[in-house]
Each structure stands twice: as structure tokens, then as C-alpha cells.
Amino acid sequence: MFEKLTAKFGTVLVIVDQPASTGALPLAVARDTGCRVAYLPGLAMRRIADLYPGEAKTDAKDAAVIADAARTMPHTLRSLELTDEITAELTVLTGFDQDLAAEATRTSNRIRGLLTQFHPSLERVLGPRLDHQAVTWLLERHGSPAALRKAGRRRLV
């Protein structure tokens, strides 16, 4: 489709409102066929959509808003041209960072859940501090309320 549009009209601009999720495939195909690509940021999209009648958010309304913004307000669009490999590498690193953050959250929630099951008062004390290395060290070294009690306050401090 993009090749036919390019052959018929020359320059083709493909615009999406979600470049990283549902818009990723059309953008990749558009790039491969030589089309220019851009996106309309969410805040601009919402503000422009407020100017249109009707309150319902539909795909048809979103498409009309994007097309109208491209035609009448090109300054609202953001270019998605890949200028170099660094951009792609940063995207991958950001993805790793997000994965690590999600895993840390899952682990923390799992530990808090376990603490809540076998010693709720210990969870109230340690749960909010699980991101501190000393707390995780104490749990690794002693592992249970009984072991913490046995170690004694002086040794723990």
C-alpha cells in the first residue's frame, strides 16, 4: 500500500499516535518503503481532540484528528526518523532498564507478601525499607523472625 501511495503521490507521510506499541509495525513498514514517519504526541492529540464534537473516543475520530493535525498543524507532529544507531541502542537499554525495574518491584512485592503471611508486624517494619541493602542483608542472613530474635538487637545493629 505504501509503495502504491508513493508511486501515485510522491512523498508520503505516515503518522501514528502510539509509535512504540500498535504503531510500531506500520512505521517499520513505512520506513522500509521510503515513507516519512511522524507521530502526534498524546497531549497534543488530547487537546486537538477536545476541539471536535462528541465525547466518545473512537479509532475513526482519532484518525480524523491525526489527519487534520497533519494537514493544518504540522508543528504539532514529532519526527520519528532514525538518525543513527545510538537511538536504537538507547531504546534497547531503556527496555532492559524497564525490565529490571519491573523485576525489582515483583521481587519486593513477593517478599512483602511472604512477610505478611508469616509475620505481619515484621512486614510493617521492614516492608517499606526493602530497597535498603541492610534490610535485604538481614533477611538473607537471618531469614525469619525467630532467627532475628535469636541474633539479638546488639548483633543486628
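What follows draws every value from the coordinates through simple rules; no lab data is involved. Note that this is a predicted model, so its numbers are computed, not measured. Please note: Cβ atoms are built from the backbone with ideal geometry, for glycine as well, and neighbour counts cover all protein chains shown.
Annotations for the structure displayed:
- The protection proxy used here, the mean number of other Cβ atoms lying within 10 Å of each residue, ranks peptides 109-115, 71-77 as follows, highest first: 109-115, 71-77.
- Mean Cβ count within 10 Å, highest first, over the residues of peptides 95-107, 128-140: 128-140, 95-107
- Whole-percent pair-distance distribution, where bins are 5 Å wide, for the alpha carbons of the chain: 1, 7, 12, 13, 10, 8, 7, 6, 7, 7, 7, 6, 4, 2, 1, 0, 0
- Label-zone membership for the stretch 44-72, site T11, 7 angstrom Cα→C-beta point, backbone N under 16 Å: 70-72
- Taking amide H as placed 1.01 Å from N in the peptide plane, the amide H of G23 sits under 5 Å from that of Q18, each at least 5 places away or on another chain.
- With each label modelled as a point 7 angstrom along the Cα→C-beta vector, the K61-A24 pair spans 2.8 nm.
- Helix 85-118 and the longest principal axis of the Cα set of the chain meet at an angle near 40°.
- On full extension, the segment bounded by A147 and D32 gains 35.2 nm, given 0.36 nm per residue less the C-alpha separation.
- The Cα atoms of the stretch 31-80 define a convex hull whose projected area, averaged across directions, is 3.9 nm².
- Efficiency of FRET from Cβ geometry, F2 and S79, R₀ 22 Å, rounded to 0.05: 0.80
- GNM result for the chain, Cα springs below 10 Å: residue of L27, L51, L80 fluctuating most strongly: L51
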